[in-house]
Amino acid sequence: MPEMIDKRDRASLFKLRLSQAMAERGLTQSGLARAVAADRSTISALLAPGTRLPGAQLAADCAAALGVSCDWLLGLAGRPEPVADLLAASVRLSEAPRALFDDEMNGWHQEAAGYKIRHVPATLPDMLMLPEVVELEYRDQLALPPDQAIAAFQAQLDWMKTARSDYEIALPLHEIASFATGVGYWQGLPLPLRRAQMDHLISLCDTLYPSLRLYLFDAHKVYSSPVTIFGPLIAAVYLGRHYIAFRDPARVQAISQHFDWLVRATPFGAREVIDHLRSLRAGMDQ
């Protein structure tokens, strides 16, 4: 609920903000008067010392002419941008490729360098895949030639190793089990390749721990869409053809708490995941 402000203080704040907005827009009293179809004397009176405040229509017209929010002019909001502009800045819908090596996603990783990156992948984590798995999974969606696409995935892994960011990755227990047994989504992927990929995953989780932590959550208890949280800066939800990217701190924090909820639904800790992966790998030899 907005703080109650004395009328005299609100009038002083309105005059200050109106004058400030006019200066930033390069508008004189006459220019603003023309823009809002009012007399110059009306604008002059609004700026003169005293307790006068404009009516709702005039305040709205002044705000529209100056490109600021009416609430800000009247001291009811702390930022001058109109609500639509604030929303556009804090929530963005952008196209996403099926294979995630677009410039925007890479830019978010670089922007968040040094912060913790938290990720729920759609299948296996892209940056932890072998090149052969990348090519088989994305061959119908690759926007780049295969060799360039593979290089982009390798660049993601190299970045993860050198970016000073901790990476936490959470995926369902059944996803890694399906990969190990070659069923469902992974049906048809050759067993030798699945073995090599599991060895690769175990090696990365072992050598990069604790900067890389893999969590396996129980999807019978919790669920998540694919999402990546770039520290306190950005949370991007992956829809398939698009990302919805949130930049306002409250929503980023809420989505980060969603990740915490997934972690709490894991049957074992990040270090114990390696033992689970080794157990699955042993079953692939039988």
Label model pair Arg251, Glu95: point-to-point distance (7 angstrom along the Cα→beta-carbon line) in nm is 2.2
Extension length gain for Leu233 and Leu136 (0.36 nm per residue less Cα distance), in nm, is 31.6 nm
Residue separation between Val263 and Ala64 times 0.36 nm, minus their alpha-carbon distance, gives in nm 67.0 nm
Stokes-Einstein D for the range 166-286 (20 °C, 1.002 mPa s, Kirkwood Rh from Cα pairs), in µm²/s, comes to 137
Exposure proxy check on Val120, Val263: fewest-to-most Cβ neighbours within 10 Å is Val263, Val120
Distance in Å, no decimals, from the C-alpha centre of the range 230-247 to the one of the range 18-58 is 41
Taking R0 as 45 Å and r as the Cβ-Cβ distance between Ser12 and Ala113, the FRET efficiency 1/(1 + (r/R0)^6), rounded to the nearest 0.05, comes to 0.55
Taking r as the C-beta separation of Tyr223 and Gln57 and R0 as 45 Å, the FRET efficiency to the nearest 0.05 is 0.40
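Any read-out appearing in this document is the output of simple, stated calculations on the displayed coordinates, not a laboratory observation. Computed from a predicted model, the values in this text were never measured in an experiment. Backbone-built Cβ (ideal geometry, glycine too); neighbour counts: all protein chains shown.
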